[in-house]
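Scroll down for the structure; my scribbles are underneath it.
The values are calculated or read from the model by the stated rules, or taken from the named source; none is laboratory data. Predicted model, so just to flag it, every value in this text is computed and none were measured. Virtual Cβ from ideal backbone geometry, glycine too; neighbours counted across all protein chains shown. In case anyone asks, the SASA skips ligands and DNA or RNA and just uses the protein heavy atoms, side chains included. Shrake-Rupley method; radii C 1.70, N 1.55, O 1.52, S 1.80 Å.
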Amino acid sequence: MKIPALTGLLFTSSLPAASLTQPLADIRAVAKEGGGNEKATAAWQQLTQADPGTLPEVLAGMNGANPLAENWLRAAIGVIADQAMEAKKLPIEAVQTFLMDTKNSAAPRVVAFDIIQRAQPELAEKITPKLLEDPSSELRRHPVSKLTNAGNEALEQGKKDAALTAFQQAMKGARDEDQIKDLAKKLKDLGQPVDLPKHFGFLMDWKLIAPFTNVERKGFDTVFPPEEKIDLAAVYPGKNGDAKWTDFTSKDDYGQIDFNKPFTMLKEVTGYAYTEFESTEEREAQIRLGCKNGWKVWLNGELLFARDEYHRGAKLDQYKLPAKLKKGKNQILVKCCQDAQTESWTVEWQFQLRVCDDTGTAILAAK
Amino acid sequence: MKLALTLLSSFVILHSSLAADWLQFRGPNASAVSTETVAPGPKVAIDWSVDLPGRGLSSPIVVGDKVFITCSSGPDQASLHVFCFSAADGKKLWERVMKATGRTMAHNKTSVAAPTPCSDGERIFALYSSNDLFAFDLAGNLLWLRGLTYDYSNASNSLGMSSSPVVVGDTLVVQSENDSESIAVGIDVATGKNRWKKERPKAANWTSAVVFKGTVALQSSKGLTGMNPKTGEIEWDYTDGAATIPSSAVTENAIYVPSNGVTALAPEKGAASQLWRASGLKPGTGSPLVLGDSIYVLNGAGVLVKGSLNNGDEAWKLRLKGPFSGSPVAAGQFIYIVSERGDFQVVDITAKEGEVIHRVELKDTLLCTPAISNGAVYVRSDKKLWKLK
């Protein structure tokens, strides 16, 4: 099947702003399983013929769009920006204004910064320090990196106080694990260790109960008593005798809640972890989980997500679960299943969980 | 009559130009063997190289005079790049950068740009381990996109995925096989919408499909399943288990499956009869290839083993300089393979015991499978794309 001739990149004609309304709406309407693709294809052609002056409007079209629509628009903006740069018609001031307006969504603001970085790297450098407290964790990376480099240089020159100040400023803005790890080590070396669980917002104090069975991985879908009712005084028949709740406080900098510690290294078992999180207000949040076992997470009795993958790897923020905290006490229940594998890399029966906003900034419990 | 002749000559021109294309992982029919008449020959050298801004072990593909390649950049490899370069001189013709909508977690050795893109000659289909799938025309116009993990939220593998898509007629077949929500989908190349979606064995799988007599053969730990690409209906099923890393080799008459060594099958509708089994032929990470009357298997120790296509009996063994992640490819009498340490090696299979007759030191880590087109070989690393000629 031949594809129809597409002319978008061949013409330099440009569309006025008024004509962008419909193509932007068509692209924003794309949905799962290819929904809206046909209209979006035509709309993309129209957008890529837009006048470079419309770039901020197309960027604004990404505000609040779903991730699929964001990608459609990201690709269109890339083409418009390429054409604008070639024609020396890039509206750099308007793009900068768009970037600095934090009411705009993070994704198009990142695109705006990338355009500035490509077109005028010296301007991007000038803007960078202003992004340290930015709502976008991706934009924060630039000033954090710049401050870290400044700290390294100060250290090489023997200016320990200046280095410490730079690293502390950088740490305040840092939200990504790689940058935080690096800075935490530097600060520790300078005698200023960082409270990493607090920085990340890991939940450290839990009640654990185990072992229930997970023979043939059937425990994952079996509803054991803690899923029906939280009764911390209850004792249930478990896989190897009675199962009862026990206190567990993580001592790990990265908040690992390790079932192997209280229950020993068991196989084909299911455990539960329960904690309460006191929120000062009703608010949107993210519960972020790292886990290499089968798991389920409930917030206030609502299942947020479940995944039955075992021992393929775990990392910080592996899963980002949108959540709505209510004011006051919030109940968090985690189910963590261990399988039958016996290789050395299948010993872990653990998870790490933190509560944060969508930037990755920790939301700390009221008490 | 004149019109008929014109059409015929157009067809011949089109056909011969297609013959120089390398449209998918392991090239024509996923056979790893070039069908073009102008082979690269033994004494290849670097013609050009270009820098890449991100990681990847996907193979380049070649459509006409354009080379396409994917890579992923950023701290979580969430920026997904598609590049189009001029095959003649490596000049960048266009680049598109998108963002992953699915999970980008992967083992350090692999990367998000692990699956090789494919093409039907008019469109480029770029798939990533995050399950993001983009269709562009050759000029870089975005035709459609999908986020298969956005659609099916547990379709991911925390080690990363690498199955490369294949086009059969007007259907793009994509595997997203893993321990949790394991699926394969047949997608309309024109609209990006599903023609079909089928559950697949719940087990991690990094193999790529091959096409045999119009069926698309999907490999997994359970075996090899022949499906109608248009409907997803199963036409034949081999259920004696198969590898989850090296993929099958295919010829006009048989499929050679990495299963209990190598098992040769002659599938027909309703049955996948076994021709022979050679337990001594054990492909490592790379997939086997068939050239002439022999099958060549690169085992986990870096030894290239030549076997008979009639019964799998071993003819000779040749130790190469490994280790290897990519698969060997071939043109004429030469097999081309690049080691993880960047040792590009050319094997002359007509030598009595096989012989490495040429090497090129690329001084980088290379995990990809080479591509062959227009008398040149293309390879890539996390940092560079090379044309060897």
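Brief remarks on what is shown
- Among the candidates A:296, A:367, residue that is more than 19 Å from residue A:239 (Cβ to Cβ), touching a strand residue (DSSP E or B) at 6+ places or on another chain (Cβ under 7 Å) and either in contact (Cβ under 8 Å) with a residue 24 or more places away in the chain or open to solvent by less than 30 Å² (accessible area, probe 1.4 Å) (or both): A:367
- Members of the range B:175-205 that are outside any strand (DSSP E or B), open to solvent by 20 Å² or more (accessible area, probe 1.4 Å) and either farther than 27 Å from residue B:141 by Cα or not hydrophobic (A, V, I, L, M, F, W, C) (or both): B:181, B:191, B:193, B:200, B:201, B:202, B:203
- For the range B:150-167, the criterion of a residue being open to solvent by less than 10 Å² (accessible area, probe 1.4 Å), aliphatic (A, V, I, L, M), assigned to a strand (DSSP E or B) and closer than 30 Å to residue A:49 by Cβ is satisfied by no position.
- Contact map, the range A:198-226: residues that are free of Cβ contacts under 8 Å to residues at least 40 places away in the same chain paired with residues that are assigned to a loop (DSSP other than H, G, I, E, B) and open to solvent by less than 40 Å² (accessible area, probe 1.4 Å), Cβ distance under 8 Å, separation 6+ or inter-chain. Pairs shown: A:225/A:234.
- Among the residues of the range B:328-355, those that are open to solvent by 10 Å² or more (accessible area, probe 1.4 Å), in contact with a Pro (Cβ under 7 Å, 6 or more places away or on another chain) and in a strand (DSSP E or B) comprise B:334, B:348.
This table checks each residue for (1) within 12 Å of chain B (Cβ to nearest Cβ); (2) surrounded by fewer than 20 Cβ atoms within 10 Å (Cβ to Cβ); (3) part of a helix (DSSP H, G or I); (4) aliphatic (A, V, I, L, M).
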| residue | (1), (2), (3), (4) |
| --- | --- |
| A:57 | no, yes, yes, no |
| A:74 | yes, no, yes, no |
| A:96 | no, no, yes, no |
| A:107 | yes, no, yes, yes |
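- The single condition from (1) away from every other protein chain (no Cβ under 14 Å); (2) touching a residue at least 24 places away in the same chain (Cβ under 8 Å) that residue B:222 fails is (2).
- Residues considered: B:121, B:102. Of these, the only one that is of a type in the set (Gly, Ala, Ser) and crowded, with 24+ Cβ neighbours inside 10 Å is B:102.
- Subset of the range A:29-55 [part of a helix (DSSP H, G or I) and hydrophobic (A, V, I, L, M, F, W, C)]: A:40, A:42, A:43, A:44, A:47, A:55
- Scanning the range A:109-132 for residues that are in a helix (DSSP H, G or I) and among the polar types (S, T, N, Q) yields A:117, A:128.
- Taking the range A:305-323 as the range and being closer than 13 Å to residue B:105 by Cα, among the basic types (Lys, Arg) and at the interface with another protein chain (Cβ under 8 Å from one of its Cβ atoms) as the test, the residues that pass are A:312, A:315.
- Summed over the range B:126-176, residues that are more than 20 Å from residue B:232 (Cα to Cα), away from chain A (no Cβ under 11 Å) and touching a residue at least 60 places away in the same chain (Cβ under 8 Å) total 1.
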